[in-house]
Amino acid sequence: MSDAWEVIFQINTLTAALRLATPIALAAMAGTLSERAGVINIGLEGKLLAGAFAAVYVTYVTGAPWLGVLAAMAAGMLVGLLLGLFAIRLRADHVVAGVGINILLLGLTTWLLQVVWGGRGTSPAVTSLPRWSIPVLRDIPVVGELLGSHSPLVYFTLLAAPALWLVLFRTPAGLRVRLIGEHPEAADTVGIAVNRTQYLTLMAAGALAALGGAQLSLGDLAWFSQNMSAGRGYMALAANVFGQWNPVGSLLAALLFALTDAVQMRIQTLPNPWPAELVQMLPYLLTILVLSGAVRRSRPPAALGRHYPPDHGAGAL
Amino acid sequence: MLEGTGTSRAWLRELAVALVAIALALLAGALLLALAGYSVRDAYWSLFQGAFGNIYSLADTFLNAIPLMFTGLAVAFAFRGGLFNIGTEGQLYVAALATAITALAVPSWPPVLAIAAALAAGAAAGAAWGFVPGLLKARTGAHEVITTIMLNYVAILLTTHLVKTRFKAPGPVDQTALIPAAARLPELVPTTRLTWAIVIAVVLIALVDWILRRSAWGLDVELIGQNPSAAAYAGVPVTSRTACIMAASGAIAGLAGSTIVLGVLHRFITNFSPGYGFTGIAVALVARTRPWGVVPAALLFGALQAGGLSMQLFARIPADLLTAVQGLVILFVAAPGLVAIVRRRRRARTPAAHEAHEANETCVAHETRDAHEARDAHETREAHETRNAHEAHETVRKRGANR
């Protein structure tokens, strides 16, 4: 056990945690955003996969990882739109639609992986995102080691969490989104286009979550592999609940999950590793524990999962 | 057979919804095939041949349908209690290993006893794997979708670990030794791999159907599914029932794994399932959560699975396309108001709003006291949907004039 504690507090384990937290945190923030607007977003897993695949495919074709990142965002927005189409316009149960989306994208990305590159399992390696080294930051002793050199998407995530908090809780736009999640009738009464705002929120959330996918495939590694999200989209949902539907809380909860992930990876490199499969279970078990402990103490948006009569915006779709 | 959950007209309408959903999903699949440059005709022809082309492919369709009957029934049963069990994959893994270990442990038992013990061990393991998320849901509110999917990963890792460290047969593959002949399910049709598993599945479906329609326990399940707080008010012990529903669902799903071990593989092999758990969701939804609906739905998806292999072999098109098609089927089936059947809970919470959208005038009329009120309700909704107050007013007026 003492071994494990030493591993946890090694600086490169923490650095790895930050890197691994990024996809979960971005997806969790996406969950926060859409659930604040009243739409349950089980489809995060699918958005991660869509983003990861689109990023690698476009980078493979163009050789430019930044174009890959843009493609990931576009793919995420499309998936967000699809979820909106079913959950809002076609009035499907949000949870069932989300699971459908996840299965659709698991199948679609695995299929395309084989159609495009043949074989099974993984794509060829492509150019990964650069590692940014932040001038002043990298020279500070411990902080420099922790924050000094990462994929740009890691920095983006660290800035996006407080930014999203500001938008949600300190701007009129954020108030509109939250009002829809709490009381869509009230939102409608004061002239907010409920469904149109929900669509926009879902698309923004899709882009965010897909950036998480791009970090998985282009930031962390340089290829796409089948089901590479491995349940992180669902972990992100748990992180969102644990973080009390707050972007900063989502980021912190994602860091907690990622720390377990980083620890399990480190443990496997130790001279006397614990059985790989047992250690790999840790993040999944932690997610269950955290979720079970968190739900009682949290309060979801009051109108989460409800359908609201299509407004003028949705009528056009 | 199905009258317990609706009139025959409602039943026909639901059948139509399921068929339309499948047709739309296959159409989308064709679009994807065409976009990727494949011949849609060749692809779907080899799919059809692989599913129904000859007696062997037909047997394959049935063989693939059996585990789907169990997982589909498991998901459908949980749905009736308002719970979404997407953990059937994990439940069937732990059950399969428990079954294999039990069968290996009792080599000298007479066949009937050995098979019964192995099946019971599997069902118990699956039940335990379902009980945990059920209890967590009831006690803490942790959403079963998240906990069950986490437990899927845990189950696959745990069974792999146990096989590697405790039960591995010599050789490169992580698998157990072959179970004794006495513990194998006997063949139902000689020279095929169709065993008595299909009989077990059908008996179980009949049993669940009976429980849901005729037993007090089944009434509790339906009540919880429709409105948990009302059920609690009516004296249903919601916490323990919720845990039991998930445990029962897990046991049913577990039998999918158990019957594969006893009837097809004759051993536990790590990662053996080609996604029977997830396909079970599509089966349950296409069956509109009715136990007997699971039989044709499982045969359909069994056909897709069998046909998918032949499509991969002969048309050289990766079979994973069919996973995407399954996702689409789930989306389409869930779309036009299946929700009302699946999760009546929501309807109970917002009766007026939900009914008004879902339904046509007759449905509204049925719910409200008299026809006049119903017309008003309908018009109010229409008024609400039109672009602005003026238009809304116009609509109501014109309607009045028409009448």
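A short reminder: the numbers here are calculations on the coordinates, not readings from a lab. It should be emphasised that the depicted structure is a prediction, and the values quoted were computed from it without experimental measurement. Heads up, the Cβs are rebuilt from the backbone with ideal geometry, glycines too, and the neighbour counts pull from every protein chain shown.
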Worksheet item: Dividing the Cα radius of gyration by the Kirkwood radius, what Rg/Rh value follows for the protein assembly as shown?
Response: 0.97
Worksheet item: Each residue of segment A:185-197 in turn: what ³J(HN,Hα) in whole Hz from Karplus with 6.51, -1.76, 1.60 and θ = phi - 60°, glycine and Pro shown as x?
Response: 4, 4, 4, 4, 4, 8, x, 7, 6, 4, 5, 4, 5
Fill in: ³J(HN,Hα), Karplus 6.51/-1.76/1.60, whole Hz, each residue of segment B:218-225, x for Gly, Pro
x, 5, 4, 4, 5, 4, 4, x
Response to the item:
Each residue of A:227-235 has, on average, a number of other protein chain C-beta atoms within 10 Å of its C-beta equal to 2
Worksheet, complete the sentence: In the protein assembly as shown, taking the dipole from +1 charges on Lys and Arg beta carbons and -1 charges on Asp and Glu beta carbons about the Cα centre, the listed residue (B:THR323, B:CYS244, B:THR279) farthest towards the positive end is B:CYS244
Fill in: Coil-residue trypsin sites (Lys or Arg not before Pro) of segment A:108-175, DSSP, other Cβ within 10 Å capped at 13
A:ARG120, A:ARG131
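Once the Cβ-Cβ distance between B:ARG214 and B:LEU31 is put in as r, and R0 is 35 Å, what FRET efficiency do you end up with, to the nearest 0.05? Intermediate values should be presented prior to the final figure.
Working: r = 45 Å, r/R0 = 1.29.
With R0 = 35 Å, the Cβ-Cβ based efficiency is 0.20.
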Worksheet entry | Most mobile of A:LEU82, A:LEU256, A:LEU289 in a GNM of chain A (Cα contacts under 10 Å) | A:LEU289
Worksheet entry | Assigned charges on the beta-carbon of Lys, Arg, Asp, Glu; segment B:3-339 dipole about Cα centre (debye) | 240 debye
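Based on the Cβ-Cβ distance from A:ASN227 to A:THR189, what FRET efficiency comes out when R0 is 56 Å, to the nearest 0.05?
Working: r = 44 Å, r/R0 = 0.79.
Given R0 = 56 Å and the Cβ-Cβ separation, E is 0.80.
Quick one: work out Rg over Rh on the C-alpha atoms of chain A, Rh as Kirkwood radius. Could the numbers behind the result be given before it?
Working: Rg = 19.5 Å, Rh = 19.8 Å.
Rg divided by Rh gives 0.98.
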Worksheet item: Taking the simple approach of a point 7 Å from Cα along Cα-to-Cβ for both B:THR191 and B:ALA116, what is their distance in nm?
Response: 3.4 nm
Worksheet item: Most mobile of A:LEU153, A:LEU49, A:LEU291 per a Gaussian network model of chain A (Cα springs, under 10 Å)?
Response: A:LEU291
Worksheet item: Taking the Cβ-Cβ separation of A:ARG131 and A:LEU285 as r and a Förster radius of 35 Å, what is the calculated FRET efficiency to the nearest 0.05?
Response: 0.65
Worksheet item: Between segment B:22-56 and segment A:82-130, what's the alpha-carbon centroid distance in Å?
Response: 20 Å
Practice prompt. With only Lys, Arg, Asp and Glu charged, each at its Cβ (+1 for the first two, -1 for the last two), find how big the charge dipole of chain A is about the Cα centre; round to the nearest 20 debye.
Written response: 460 debye
Response to the item:
If every Lys and Arg gets +1 and every Asp and Glu gets -1 at its Cβ, then about the Cα centre the protein assembly as shown yields a dipole, in debye to the nearest 20, of 380 debye
Response to the item:
If one builds a Gaussian network model of chain A from Cα atoms under 10 Å apart, the most fluctuating residue listed among A:VAL142, A:VAL95, A:VAL58 is A:VAL142
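Given just the C-alpha atoms of segment A:1-143, how large is their convex hull per residue in cubic angstrom?
On the way: hull volume 24.9 nm³, N = 143.
Expressed per residue, the convex hull around the Cα atoms of segment A:1-143 is 174 Å³.
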Worksheet item: Among A:THR157, A:ALA21, B:ALA114, whose Cα lies farthest out toward the positive end of the dipole of the protein assembly as shown, if unit charges sit on the beta carbon of Lys, Arg (+1) and Asp, Glu (-1)?
Response: B:ALA114
Discussion item. Averaged over its residues, how many other protein chain Cβ atoms are within 10 Å of peptide B:82-93's Cβ atoms?
Written reply: 1
Practice prompt. Only loop residues by DSSP count here, and only those with at most 13 other Cβ atoms within 10 Å; note down the GluC sites (Glu not before Pro) in segment A:1-101 that meet that.
Written response: none
Worksheet item: Taking every residue in A:291-297, how many Cβ atoms of other protein chains lie within 10 Å of its Cβ, on average?
Response: 5
Worksheet item: Once both labels are modelled 7 Å past Cα along the beta-carbon direction, what's the A:LEU81-B:ALA234 spacing in nm?
Response: 4.4 nm
Worksheet item: For the charge dipole of segment B:1-135, defined by +1 on Lys and Arg C-beta atoms and -1 on Asp and Glu C-beta atoms about the Cα centroid, which residue among B:ALA123, B:ALA30, B:PRO67 has the Cα displaced farthest towards the positive pole?
Response: B:ALA30
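What percent does the relative contact order of chain A come to when contacts are Cα pairs within less than 8 Å and at least six residues apart?
Numbers: 619 pairs, mean separation 112.0, N = 317.
Worked out over chain A, it gives 35 percent.
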Worksheet entry | Dimensions in Å of segment B:3-339 - Rg and Dmax from alpha carbons | 19.9, 60
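Segment B:218-327: which trypsin sites (Lys or Arg not before Pro) are DSSP loop and have at most 13 other beta-carbon atoms within 10 angstrom? Intermediate values should be presented prior to the final figure.
Details: sites: B:ARG241, B:ARG267, B:ARG288, B:ARG316; in loops: B:ARG267, B:ARG288, B:ARG316.
Loop-located and lightly packed - B:ARG316.
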Worksheet item: Tell me, A:GLU185, B:GLU14 in order of fewest to most beta-carbon neighbours within 10 Å?
Response: A:GLU185, B:GLU14
